[in-house]
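The next block holds one structure in the form of structure tokens; read it before the comments.
Every read-out reported here was derived from the displayed coordinates using simple, explicitly stated rules and does not represent laboratory data. Nothing here was measured: the structure is a model prediction, and the numbers come from that model. Neighbour counts run over all protein chains shown; Cβ positions are idealised from the backbone, glycine included.
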Amino acid sequence: MLPAFALAFLLQAPVPAVEGCTVEGAVYSASGGAPLKKTAVVLRRVENRRGRTYGAVTDTSGSFALRSVEPGKYRLSAERTGFARTEYGAQKPGGTGSILTLEPGCALRDLAIRLIATPVVAGRVFDRDGDPVAHARLALYGARIAEGRRQLYSAGAASTNDLGEYRIFGMVPGRYYVQATYSNPLRNQGLDTGGESVAPTYYPRATDIAAAVPLELAAGQEMRSIDITLLPVRTVRVRGKLSSGGRGSHAYLSPRGVGFDRQMGAPRAMVDGEGRFEIREVVPGSYELVATTNLNGKQLTARLPVDAGATDVEGLSLTMIPPSDVTATLQVEEPLRISDVARADVRLGTRSGPASRFVQGRAQKDGPVIFKDLEAGEYEVSAVNLPEDVYLAGARAGGADLFETGVDLRRGPLPGPVELTFSPAGGRITGIILDEKGAPAAEAYAVLVPDGKLRSRTGLYRTAVAGSAGRYEIRGVTPGSYTLFAWESLDSAAYREADFLAKYETIGVSVKVEREGRETRDLKLTETR
């Protein structure tokens with residue numbers, strides 16, 4: 001035991017200070033390499049989000065210095081008006097950058113961050129008479145694959161001035177749709193405007209996104225004269241009642257057949273205390289009516305196809321379906337064992353529903369996979385994190401092939417468990433990606449796209465990144481016919497769209513993969529059109 005005086009000495013002794021770190025570098029324009037002054041540079045801690053964040057602003061030479069930084073793991077990012085926010089080490093704006101590990105007293109110098117100039121979309125909005133529309137709302141939508149489904153996301157917004165002019169900026173280069181909407185002030189005050197409204201209109205003159213013209217925006221590009229003429233339309237109302245639910249219930253109309261999971265801008269209902277609803281200003285077309293309510297802590301859902309024409313739709317009745325449980329049993333082909341797929345993630349991806357998402361279950365060594373409280377809807381079954389060369393070979397329930405029908409819970413639970421079969425006989429594709437000069441294209445993407453009707457199965461799309469020698473490898477391929485493509489950068493939303501792939505079908509490389517097949521296909525890097 002320490003004497004009292006020794007203990008007191010230790011308590012009073014100063015704790016050695018941890019020597020801080022230095023992070024220095026510069027920010028440049030990716031086009032031309034000019035240094036960027038007045039750029040905000042931020043160093044954020046990775047493993048401890050409550051830890052201190054460090055920041056600096058670049059000087060006239062584009063240089064920055066962060067001093068007395070606590071040791072730890074960080075990510076460094078730079079952001080400036082007119083340029084896309086980019087992390088140090090990221091392959092593209094919005095991508096995840098490198099982790100900087102700072103040891104006590106270390107000094108990282110000469111770090112370079114290159115920013116890509118953001119594109120701009122500008123134009124005017126007119127009414128049917130050619131007059132400018134003030135206070136119209138503009139939305140810029142991008143498309144991406146999120147949780148296995150193609151979805152729209154908001155990438156920018158603006159409003160028109162008194163001349164009908166708008167300008168949208170700040171997005172990263174990519175493919176976008178422009179939509180204009182306008183709400184009559186009289187209608188907003190509850191006054192009758194004769195049943196005529198202005199349809200949400202996509203550039204240049206389309207009320208359906210399937211007929212819209214997407215914009216391909218390059219870095220720093222300013223695309224002007226993207227003018228939109230708002231289309232007047234005779235709108236109708238959709239009325240009905242929910243079998244369960246009252247205030248706090250929700251209902252909306254989602255367009256059918258547009259190829260997107262879309263809620264943004266969808267016509268929504270007012271639901272009264274007895275479950276009656278009315279959706280106003282509905283543009284004629286084909287929809288899926290989706291309603292949700294909460295009962296005893298569980299969300300009930302109903303769906304109903306609705307075709308809106310020239311007259312109001314009346315008397316709809318929606319039976320709210322409670323959530324269902326799905327049990328999946330696992331089977332394997334020899335020489336696999338159930339324990340070999342114990343770390344697999346079995347997924348049910350929503351084909352329809354109030355929100356697109358994956359419901360994920362971990363395969364257990366000594367039991368089935370159980371999915372709890374699934375909303376009424378359609379789901380696609382898939383599996384990831386499988387051993388090399390293993391693929392999901394079968395999914396059946398009650399004699400039905402779930403690869404064909406999907407897991408349909410729109411009318412309630414399945415009559416029995418889902419039987420999943422895993423096979424070790426997956427195919428393998430290897431090759432080298434070459435650039436336009438015939439040199440290996442390191443870090444390029446090889447994309448495997450299923451052919452024919454199998455393109456609707458999101459779980460069959462596969463990608464691989466080429467190594468330093470341009471070599472790629474895709475393993476565990478489900479037997480079937482595919483087309484291979486190679487791109488320098490990857491937009492997972494684009495390569496799943498039929499109109500995008502149509503530009504490249506003639507230069508894609510066909511490959512048929514057999515069970516345990518080993519195929520070699522060299523690919524030429526394709527310039528995005």
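Give me the one-decimal nm value for the distance between modelled label points at E497 and R128, 7 Å along each residue's Cα-to-Cβ direction.
2.9 nm
Taking neighbour counts of Cβ atoms within 10 Å as a proxy for exposure, in what order, fewest first, do T22, T526 appear? Please report the intermediate quantities before stating the final value.
Working: T22 15, T526 18.
In increasing order of surrounding Cβ atoms, one gets T22, T526.
With contacts defined as alpha carbon pairs under 8 Å and 6 or more residues apart, what's the relative contact order of the stretch 21-115 in percent?
Details: 244 pairs, mean separation 34.2, N = 95.
With pairs under 8 Å counted, the relative contact order is 36 percent.
Starting with the fewest neighbours, write out H135, H250 ranked by other beta-carbon atoms found within 10 Å of each beta-carbon. Walk me through the intermediate numbers first.
Details: H135 13, H250 16.
By the 10 Å Cβ count, ascending: H135, H250.
Once the Cα atoms of the chain are picked out, what are the Rg and Dmax in Å?
Calculated on Cα positions, Rg and Dmax stand at 27.9, 95 Å.
Between rounded, prolate and oblate, where does the stretch 427-524 land on the alpha carbon gyration tensor, with a ≥ b ≥ c its root eigenvalues, rounded for a/c under 1.5, else prolate if a/b exceeds b/c? Each step should come with its number before you reach the end.
Details: a/c = 1.78, a/b = 1.18, b/c = 1.51.
Oblate, since a/c reaches 1.5 and b/c is not below a/b.
Rounded, prolate or oblate: pick one for the stretch 24-63, where a ≥ b ≥ c are the square roots of the eigenvalues of its C-alpha gyration tensor, a/c under 1.5 means rounded, and failing that, prolate if a/b is larger than b/c, else oblate. Can you show the working numbers first?
Numbers: a/c = 3.92, a/b = 2.40, b/c = 1.63.
Prolate shape, in that a/c is at least 1.5 and a/b is the bigger ratio.
Using the Cβ atoms and a cut-off under 13 Å, what net charge is assigned to the surroundings of A469, where Lys and Arg are +1 and Asp and Glu are -1? Before the final figure, lay out the partial values.
On the way: positive: R471; negative: D435, E443, E473, D522.
Result for the neighbourhood of A469: -3.
Once a ≥ b ≥ c are taken as the square roots of the eigenvalues of the Cα gyration tensor of the stretch 21-115, is the result rounded (a/c under 1.5), prolate (a/b larger than b/c) or oblate (a/b not larger than b/c)?
Cα axes put the stretch 21-115 in the prolate bin.
Which of the residue pairs K92/K524; K92/K453; K241/K372 have a Cα-Cα distance greater than 25 Å in the structure shown? The partial results should precede the final answer.
Working: K92/K524 21 Å; K92/K453 32 Å; K241/K372 28 Å.
Among K92/K524; K92/K453; K241/K372, the Cα-Cα distance tops 25 Å for K92/K453; K241/K372.
Work through the residues other than T39 whose Cβ is under 12 Å from its Cβ and net out their charges, Lys, Arg +1 and Asp, Glu -1. Present the calculation step by step, with values, prior to reporting the outcome.
Numbers: positive: K37, K38, R80, R85, R114; negative: D59, E79.
For residues surrounding T39, the net value is +3.
Going 7 Å from the Cα of Q221 along its beta-carbon direction, which residues of the stretch 156-172 have the amide nitrogen within less than 16 Å of the resulting point?
Once the point is set 7 Å along Cα→Cβ of Q221, 168-172 turn out to lie under 16 Å by backbone N, inside the stretch 156-172.
What spacing in nm lies between the two simple spin-label points modelled at T60 and C106, each 7 Å away from Cα in the Cβ direction?
The answer from the label model is 3.4 nm.
Can you give me the distance in nm between label points at K453 and R337, each placed 7 Å from the Cα along the Cα-to-Cβ direction?
If labels sit at K453 and R337, their model points lie 3.9 nm apart.
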